[in-house]
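Asks: I'd like to ask you about the structure that follows.
The values are calculated or read from the model by the stated rules, or taken from the named source; none is laboratory data. From a predicted model like this one, the values you see are computed outputs, not experimental measurements. Glycine gets a Cβ as well: all are built from the backbone with ideal geometry, and neighbour counts include every protein chain shown.
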Amino acid sequence: MTDALLDSLADDLAPVRPRSSARDLGVLLLLAGIEAALLFALGLARPGLGYAMPAMLGWKLAAPAVLALAASATALRALDPARQTVGTAALGGLALAALVVGVFLAQGTQIGTLDPASGVGCALTAAALALPPALALGLLLRRGAPAHPCRTGLAAAIAGGAWGAALLGLHCPNDGAMHALVWHTLAVAIPALAAALPLARAARW
Amino acid sequence: MHRRHSRRVDDRAQWGTLMAAAQQGDARAYRALLGELRPWLFGYYRRRLIPAQVEDAVQDALIAIHAKRHTYDPARPFAAWASGIARYKWIDKLRAQTRAPEGATQVEQSVGGHESAVTSATVLTALLATLKPAQAEVIRLVKLMGFSIEEAAARTSQSESLVKVNIHRGLAKLAAAAADDADDSDSDIAGDRA
């Protein structure tokens, strides 16, 4: 190989700002904050977001928010090529633990009905709310260099779905245990499954 | 020998500094870094790919390092970052090879004549499998992949002195195993002759 390639790469050099997972996570948090503010500004936030929250409302807000933070941090950390592990199994464990907590909290609360009509509405709303964070994650993944694009894409997809479900918790007025456990779990799972392949592709480099 | 090894360690310690300067737009530092990375990448791929693919893989890796230079965090070791990129591009090459039509792969592979390299790699893998994982890992890193003792210690979470001890003991075991194999071969040949 001649030195031509090295010379052309050096000639092409422009200053770059080293990427930082913390800064990227800050961008995602800002985006989620803007979405939440819009929900309030447009009068789409549900009533009763006060101190005395029903157990299932607390779960609907906290469980996906924790999962979203963990999955986002996992995906963003994996964008460093030096990291040879992603942590998707730990994310699966966290999601399962959140579901178990939900089932535990459902004991002694109003069970309610499955109500497919409002459930499908919730799933669609969550998908719409998941779109901006998922797109932002896609852009961040394109800039990264993950050692495992598929697993990183999956973690990012879980993050997108969980962000959507966490924001949905601010909107959905149905606190029935059945509704929360089924439809809000699907609100994470469906967008995550839909986004997994495109995000895995976005992570390839 | 020792002096040359120390100098190599010093040079590599500079790589992170050079990349940090390159991230700020220092083209001379960047050119110097690429010049040092090139032989390292050649060595890396020569041990993993058929000769006909080495040049291509080195170029791919250099371009990837250029395109993804913003993913390097100057606070972290450069060697781990660079070998992460080299490893990804190596796996990419292997994937491309499995996806390629059979005929094309055969033509490409027939160029190099790499039977001895493949045989050596197979034998080496089998020999390393007889060692303790900690010994095999540091021998692979230091003796085969060209990492320094310090880098191997950082990557394996072993202390530097433990890395040295593990290399020493591992190599002694390998030498003994190889000697046993040679004795067995000699006696087989003698048996055949008899």
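Asks: Which one of these does B:Leu124 not meet: (1) of a type outside the set (Val, Ile, Thr); (2) under 14 Å from the mean Cα position of the chain (by Cα); (3) in a helix (DSSP H, G or I); (4) at pLDDT 80 or above?
Replies: It is condition (4) that B:Leu124 fails.
Asks: Can you tell me which of (1) more than 21 Å from the chain's Cα centre (by Cα); (2) at pLDDT 75 or above is the one B:Ala194 doesn't meet?
Replies: (2)
Asks: Let me confirm something: among A:Gly160, A:Gly169, which residue is within 17 Å of A:Ala95 (Cα to Cα) and modelled with pLDDT under 95?
Replies: A:Gly169
Asks: Take A:Ala177 and decide whether it is farther than 25 Å from A:Leu42 by Cβ and either of a type in the set (Asp, Glu) or surrounded by fewer than 24 Cβ atoms within 10 Å (Cβ to Cβ) (or both).
Replies: Values: farther than 25 Å from A:Leu42 by Cβ: yes; either of a type in the set (Asp, Glu) or surrounded by fewer than 24 Cβ atoms within 10 Å (Cβ to Cβ) (or both): yes.
Considered against the rule, which asks whether it is farther than 25 Å from A:Leu42 by Cβ and either of a type in the set (Asp, Glu) or surrounded by fewer than 24 Cβ atoms within 10 Å (Cβ to Cβ) (or both), A:Ala177 comes out as yes.
Asks: Any chance the stretch B:75-83 includes a residue that's closer than 19 Å to A:Ala82 by Cβ, facing another protein chain (nearest Cβ under 7 Å) and in a helix (DSSP H, G or I)?
Replies: The answer is yes, given that some residue of the stretch B:75-83 is closer than 19 Å to A:Ala82 by Cβ, facing another protein chain (nearest Cβ under 7 Å) and in a helix (DSSP H, G or I).
Asks: Only one of A:Ala32, A:Ala22, A:Ala45 is out of contact with any Asp or Glu (no Cβ under 8 Å at 6 or more places or on another chain), among the hydrophobic types (A, V, I, L, M, F, W, C) and within 14 Å of another protein chain (Cβ to nearest Cβ); which?
Replies: Criteria check complete, one pass: A:Ala22.
Asks: Can you name the condition, by its number, that A:Thr85 falls short on among (1) within 14 Å of chain B (Cβ to nearest Cβ); (2) under 24 Å from A:Ala177 (Cα atoms)?
Replies: It fails just one condition, (2).
Asks: If you take the residues in the stretch A:30-74 that are in contact with a Gly (Cβ under 8 Å, 6 or more places away or on another chain) and not hydrophobic (A, V, I, L, M, F, W, C), which one is modelled with the lowest pLDDT?
Replies: Among those residues, the one meeting the criterion is A:Pro54.
Asks: Related question: Could you look through the stretch A:28-37, keep only residues that are among the hydrophobic types (A, V, I, L, M, F, W, C) and crowded, with 16+ Cβ neighbours inside 10 Å, and pick out the one that is farthest from B:Gln23 (Cα to Cα)?
Replies: Step one: filter the stretch A:28-37 for residues among the hydrophobic types (A, V, I, L, M, F, W, C), giving A:28-32, A:34, A:36-37.
Next, from what is left, pick out any that are crowded, with 16+ Cβ neighbours inside 10 Å: A:28, A:31-32, A:36.
Values: A:Leu28: 25, A:Leu31: 28, A:Ala32: 31, A:Ala36: 36 Å.
It comes out as A:Ala36.
Asks: Would you mind finding the one in A:Ala200, A:Ala136 that is at pLDDT 95 or above, surrounded by fewer than 24 Cβ atoms within 10 Å (Cβ to Cβ) and under 13 Å from A:Ser72 (Cβ atoms)?
Replies: Testing whether each residue is at pLDDT 95 or above, surrounded by fewer than 24 Cβ atoms within 10 Å (Cβ to Cβ) and under 13 Å from A:Ser72 (Cβ atoms) leaves just A:Ala136.
Asks: For the stretch A:65-81, name all the residues that are surrounded by fewer than 20 Cβ atoms within 10 Å (Cβ to Cβ) and of a type in the set (Val, Ile, Thr).
Replies: Within the stretch A:65-81, A:Val66 is the sole residue that qualifies.
Asks: From the list B:Ile91, B:Ile65, which one is within 13 Å of another protein chain (Cβ to nearest Cβ) and surrounded by fewer than 21 Cβ atoms within 10 Å (Cβ to Cβ)?
Replies: B:Ile91
Asks: Let me ask another. Do you know which of the residues in the stretch A:38-62 that are aromatic (Phe, Trp, Tyr) and in a helix (DSSP H, G or I) is surrounded by the fewest Cβ atoms within 10 Å (Cβ to Cβ)? Steps first, answer last, please.
Replies: The initial filter retains those residues of the stretch A:38-62 that are aromatic (Phe, Trp, Tyr), namely A:40, A:51, A:59.
Among the residues that remain, those that are also in a helix (DSSP H, G or I) are: A:40, A:59.
Working: A:Phe40: 11, A:Trp59: 26.
This residue is A:Phe40.
Asks: Mind listing whichever residues of the stretch B:71-96 are closer than 18 Å to A:Arg142 by Cβ and out of contact with any helix residue (DSSP H, G or I) (no Cβ under 7 Å at 6 or more places or on another chain)?
Replies: If the condition is that a residue be closer than 18 Å to A:Arg142 by Cβ and out of contact with any helix residue (DSSP H, G or I) (no Cβ under 7 Å at 6 or more places or on another chain), then B:Thr71, B:Gly84, B:Tyr88, B:Asp92 are the ones that fit.
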